[in-house]
Every structure is written in structure tokens, then in C-alpha cells.
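Inspection log for the structure reproduced underneath, given as C-alpha cells.
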Amino acid sequence: MIKPRRPGTSRGYEEMDGSNVPNYGVTPTGRRGANGASPIGSTGSNDPTSPINGNGGAPPEFELASVSVVPDDTFTVTQAVNALGFGWFQVKLSLCVGLCWMADSMEMTILSVLGPALHCDWGITRYQQALVTTVVFLGMMLSSTFWGHLSDRYGRKPALTLCGVLLFLYGLLSSVAPSFGWLLLLRGLVGFAIGCVPQSVTLYAEFLPTKQRAKCVVLLDCFWALGACFEVALALAVGPNLGWRWLLGLSAAPLFAFAVITPWLPESARYHVTSGQSDKALSTLEQIAKDNKRPMLLGRLVVEGPSGSRGSFKALLGSSLRRTTLLLWFIWMSCAFCYYGLVLMSTELFGGKNKTVVPETENDCHPLATTDYMDLLWTTLAEFPGIFTTIYVIERFGRKKTMALQFLVYAGCVLLITVTDVRVFLTIILFMARGVIAGLFQAAYVYTPEVYPTALRSIGVGGCSALARLGAMATPYVAQVLFQSSIWSAVSVYGFFAVCASVACIMLPYETRGTDMGQ
């Protein structure tokens, strides 16, 4: 078991029994030492006072009996990741995963401006606009468990590599769709590929030390917010002059960049250990030690606890995880329902009609003006203060209380939409609601990988993502269809789901703040 660091050892180095051999080639469990020498007994004399493999012998005052070399010294991936700390390795991984989130955000944000553009260009109805959004989330829902199963069976890296290639391909083809039917099919395939994006958070979280994990996962939302802001700015620059086809094509650029860098992503060391590939896991941990300039732990890498059934969806509903899984499914569904509902309602509020209900006609075309795009940009920028507030609150009060509070604040904000017609006040209300719900989504991404063991982590996140897409599929019919006939009814639906989800957060059986991720 790893001991606390003793005075005189390097900063951040957590010692194990027998790991205090100072570069004399002596390592437990038969592994080679830092200088490449073989362990005791492989060559030469076994006399502790004799020279060791021709290295000149131990110093006179150094007695091997005082080293306490125990052949059964072991450590886990969790202990290694915590000992190696946060450094350059995690910074590089943050940028790679962040690019994935930025691309995902752009594909989601474009849905809020694509519907009105198609309505004016092709004359599609409100229900068809909602269908354009729904088909993307349908693809995401159908593929979430598929990608989770693939990640748990074959690794996080192969799944993300395939995801990047498919996202770029279908995103680019969407820009040349010849008809509404083809556009629906291609956007559905885009949604199918996006279903893998949550696995990037699983990979990222598995390389983060316990103390930095919540902050780093929440900070990923900076890339999401950056992607959303970039998409709105791109729509402002491209949409009015070149049209939605150019907007779809240019939005695929980050997808191409992510597809190019995926071969350099590291595979999860936890996945390698639980799948019986300890040598590969050790290589990855040694790379972390090299990049972070920390000494590698000595000993034998082991699996902490039983590995269980990898990628088993049935195991998520076992007796020990059933309550957690069902509550998380509802929380994720409500979170996506509320988040994307707010994004779509913002477009409806700023889309030239504000809060005036107008019967739909063939010439009912209200393209977004420059002021509409600017208001959308301001509400999108709200995600940044929401992120930093969540970072503070989630570490101070824990994951469960943070999510419960944010759902309640969101419910209050959306209900305020009905009490004012002033555009400035609407922008402020939407700003607050967007910041809260964005931070809430990231809090859910922090909690979920922490509560599931490694063998079920990807399928657990994938299952939650699938239920989230179910909520996202339903939200266009509230935010774009029901909203046009009754604003009060629409916001009441969002408020009701937010309050129920707040209760579900309190009912979660485990608080994961300050705990290690289970093997």
C-alpha cells in the first residue's frame, strides 16, 4: 500500500513499501529499475554486501535490510494517477477533448438557426422545423448505448476515432443535401456520430487526479461555450450572405481537425487494466510520468476490486446500481430537455416576433436579424460565468446539492419569461437561465463517471446520454410548437420538469465529492 511521502523525497511522489531504493537497480516484482539493472538474484551474488551487477556495490552505510523490499508491492491506476498529478499530459488531453466538445457544440447550436433558415428557403412548416432538430437527437439516442458498449469492449480511443471521421463526413454531406428528406437522413447520421462525444469525457475523467477532476470536467464546458459562440458568430457572418449550406459546410471544419488528432489520443489506462492489458496500462502511466516530470511508482499494477462484466447494460440495473441509474436517467433527460429547450426558445423570442403569437402562413418568414444574432451571442456567453460558478459551488457543497439548486434556479428563471415583454429584461433572464443550465449539464458529467465503476463507466455514461437525447427529442415540440400557441404552457412544462429533477438529485444515494473513481 502506498505510504505518505517522507521528508526528502521529491514533491508529489507517494512512496510504496520498498520503493525507496535510490537507483541501485533493485525493484520489487521483478521489474527493471530506473537505470535498467536487473533485480537481485537474477545475476551475481545474493550477498547483500556484494556488488550488485557490477554497479560498484552499495555504499558502506547502506544496508539492504533497511530497504524493506516487499515482492508483493502493488498499486492501482487510481493511486498512480493521483501520485503523478496534473501536468502537461492532462493539458494536452484537455485540448484534444475540448476540440471534440467544441465541434459537438457547433453542431447543436446550428439547430437553433437552421430551422428558421429552412423555413424561409424551402417553406417548411413548424412541425418540420421541429423534426430537423428531433432527428438529430433521435440519432444520438439510438447510438449512445452503442458507442458506450463499443468503448467498454474495444476501448475509448477506437470509438472516438470512428466518431470523428463519421461526424466530419456526414456534417459536410449535410451542406449539399438536395432535398428535405436527404437533409433529415444526413442530420440523423450526424446525430448518430455525436452520440459518441460523451465518451471523450469518460476518457478525460479517467486520467484526472481526484482533487482536480471536478474542476477540469466542468472547465470543459468552456470549449462547449466557445463552440456555441463561434457558431453564432459564423452564422452572423455567413448566413445572411451565403446561406445555410455554407454555414453547415464551414461548421464541419473543427470536426475535420478532431478527426485528424484522434490517432494521437491516449487509451484509458483503466480500460487496459480491466481488460487484462496491464503492460499497455503501464506504458501509458509511464508516459504520464514523463510528460508531468514525476517519478513513476514502483511495484505491480493491479485491478482494484472485481472487474465485473465489461459493457453490460443489464448490470446498470443490478441491485447495487438500479436506484442510481434510474435517477440519473431522469436527471439527464430533464437536463437536456431544459437546456435545448432554452436554446430554441431564445431563437423564438429573438426571431422577429418576440412574444407575439402569429398564425402560420405560407409567407410567414422571419429570418434572424443582426440584433437577433447579437442577443443570441450574449445569452450564449452566459455559459462562461455559469461554468466558474459551478466550479466553486460543486466543490463546496457537493455534486447532488449543486445540481438540485441549479434546477430550482432554472425553474424560477424560465417562469420569469412570462412576466415581461421588454427585450433587455428578456435577455438578462435568458442569460441567467443559460448560465445555470450549462453549469448543471457539466455537473452531471462530473457526477456520472464518478459513480460508475470502470467496467461499466462508458455504458453508464452512454445510457444517461441516450435518455438525455430522449428529452432533447421532445423539446422542439414544446419550444417551437407549443410556445407559438401558449407561452405560459411551454415555460410551465420546463419549470415542472426542473423541479422534479431537483428532487431526483437529492434522492441520489451517493455523494462522490472527494472520492476516487472506482476501478
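The values are calculated or read from the model by the stated rules, or taken from the named source; none is laboratory data. All values reported here derive from a predicted model rather than from experimental measurement. We place every Cβ from the backbone using ideal geometry, glycine too, and count neighbours over all the protein chains shown. Only protein heavy atoms, including side chains, enter the accessible area calculation; ligands, DNA and RNA are left aside. Shrake-Rupley method; radii C 1.70, N 1.55, O 1.52, S 1.80 Å.
Below are the figures for this structure:
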read-out	value
Checking residue 169 against (1) open to solvent by 60 Å² or more (accessible area, probe 1.4 Å); (2) aliphatic (A, V, I, L, M); (3) under 21 Å from residue 340 (Cα atoms); (4) free of Cβ contacts under 8 Å to residues at least 24 places away in the same chain, the condition it does not meet	(3)
Residue, farthest from residue 223 (Cα to Cα), within segment 250-269, restricted to residues that are in contact with a Gly (Cβ under 8 Å, 6 or more places away or on another chain) and small (Gly, Ala, Ser)	268
Count of segment 199-251 residues which are closer than 22 Å to residue 90 by Cα and open to solvent by 40 Å² or more (accessible area, probe 1.4 Å)	6
Test: residue 475 is in contact with a Leu (Cβ under 7 Å, 6 or more places away or on another chain) and either at pLDDT 80 or above or in a helix (DSSP H, G or I) (or both)	yes
Contacts under 7 angstrom Cβ, first residue in segment 486-503 being buried (at least 17 other Cβ atoms within 10 Å of the Cβ), partner not in a helix (DSSP H, G or I), 6 or more apart	487/355
Members of segment 252-288 found to be farther than 21 Å from residue 154 by Cβ, buried (at least 19 other Cβ atoms within 10 Å of the Cβ) and at pLDDT 85 or above, listed by number	288
Only one of 179, 175 that is surrounded by fewer than 21 Cβ atoms within 10 Å (Cβ to Cβ), over 29 Å from residue 315 (Cα atoms) and out of contact with any Leu (no Cβ under 8 Å at 6 or more places or on another chain)	179
Options 231, 286, 267; residue that is outside any helix (DSSP H, G or I) and charged (D, E, K, R)	267
Whichever residue in segment 391-411 is of a type in the set (Val, Ile, Thr) and surrounded by 23 or more Cβ atoms within 10 Å (Cβ to Cβ) and, among such residues, is farthest from the chain's Cα centre (by Cα)	402
Tally of residues being in contact (Cβ under 8 Å) with a residue 24 or more places away in the chain, open to solvent by 70 Å² or more (accessible area, probe 1.4 Å) and of a type in the set (Ser, Thr, Tyr) across segment 365-390	2
Matching residues, segment 426-473, being hydroxyl-bearing (Ser, Thr, Tyr) and either closer than 22 Å to residue 76 by Cα or open to solvent by less than 10 Å² (accessible area, probe 1.4 Å) (or both)	447, 448, 452, 454, 458, 465
